[in-house]
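Let me begin by presenting the structure, written as structure tokens, before commenting on it.
The values are calculated or read from the model by the stated rules, or taken from the named source; none is laboratory data. These numbers come from a predicted model, not from an experiment. Cβ placement follows ideal geometry from the backbone for every residue including glycine, while neighbour counts extend to all protein chains displayed. Surface areas here come from the heavy atoms of the whole protein model, side chains and all, with no ligands, DNA or RNA. Shrake-Rupley method; radii C 1.70, N 1.55, O 1.52, S 1.80 Å.
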Amino acid sequence: MDINCGNSSYEDNRTAEAKFRDASIILGILLSGVGVWVIIYALWEHLGRPVPVSYMVQAVDLLGIAMCLTAWRFTSFSVKELGLFPENPKKVAIETLILCGIAFVILATIKFVGQMYDPTLFQTERGFFDIRRFNLYQIFYLFTAFIQEFTARSIMQTNLRRVCATRHKTMYAIVHASVVFAVFHIEYGFWFMIGAAFLGGLLGVVYEKQKTVLGVWIIHWFLGVAAFLFGIINQ
């Protein structure tokens, strides 16, 4: 009996130690990632924005890959926890399609209401919704959306929830991952960052419900492409 209690206590101590180590590493990765990106952004602004925003997006993708690889190498979370393989693909697909449809209606409403006050607002070259704006960049955005969601959900949010010692650890993980997600969109300006934080929170909730990054990846990509075709955002 004493031996079993001793083994249990030993395992508990090892688990606590592993969680503390993972928490320390994740905190370091988040702080370093945010700090590096703010420095890059400050340099970009200081030099008078010498490269277009699209190049900055590619730069933050590379930073996200570096953060993912670092977390994967030095923390103890498993491949299963990455959320790459949904347990119920059909359910995830249906939910994702429904959410994309809702998102499309919301974007159309935003443009319609905006143009009621200012007809030139969100104007595109060919009408209300300009499908001809779709180009190779929109296809490449599939990669960008995946890297951003994989970094924000599979790496940051999953690890924060797993190592968090607070009562509402899921909400804690969603909020903090969303704030970091917003910072990585600083090149688009203040209001875009606010929108990114809000969107990150919603996607964080969807990720927790679906337990896979695939759904939020497609929603992220669809929102970005649809907003561009509506003229709400530009490349």
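Can you work out the FRET efficiency for the pair Ala59 and Phe128, with r the C-beta to C-beta distance and R0 = 41 Å, to the nearest 0.05? In this case the efficiency is close to 0.80. Here the peptides 119-127, 102-110, 211-219 are ranked by packing, the mean other Cβ count within 10 Å, and the order with the highest first is 211-219, 102-110, 119-127. Of the listed residues Arg14, Arg162, Arg132, Arg167, the order by accessible area with a 1.4 Å probe, largest first, is Arg167, Arg132, Arg14, Arg162.
Just add up the charged neighbours of Leu142: K/R +1, D/E -1, any other residue whose Cβ is under 12 Å from the Cβ of Leu142. Net local charge, Leu142 excluded: -2.
Multiplying the residue separation of Arg14 and Asn135 by 0.36 nm and removing their Cα-Cα distance gives an extension gain of 38.4 nm. Solvent exposure of segment 131-235 amounts to 45 Å² per residue of accessible area, where only protein heavy atoms count and the probe is 1.4 Å. Taking every Cα-Cα distance in segment 122-169 and sorting them into 10 Å bins from zero, the calculated P(r) comes out as 22, 26, 23, 17, 12, 1 percent. Adding -39500 (n - 2.57) for every DSSP H run of four residues or longer, then dividing by how many residues the chain holds, sets the calculated 222 nm ellipticity at -25000 deg cm²/dmol. Measuring only protein heavy atoms, the 1.4 Å probe finds Tyr41 accessible over about 40 Å². Distance between the C-alpha centres of segment 179-222 and segment 13-79: 16 Å, rounded to the whole angstrom.
If you look for lysine pairs in the chain that are eight or more places apart or on different chains, how many of them have Cα atoms under 28 Å apart? The number of close lysine pairs in the chain is 16. Each of Ile94 and Leu69 was given a label point 7 Å from its Cα along the Cα-to-Cβ line. The distance between the two points is 4.1 nm. Summarising the overall dimensions of segment 131-221 from its C-alpha atoms, the Rg and Dmax are 13.7, 50 angstrom.
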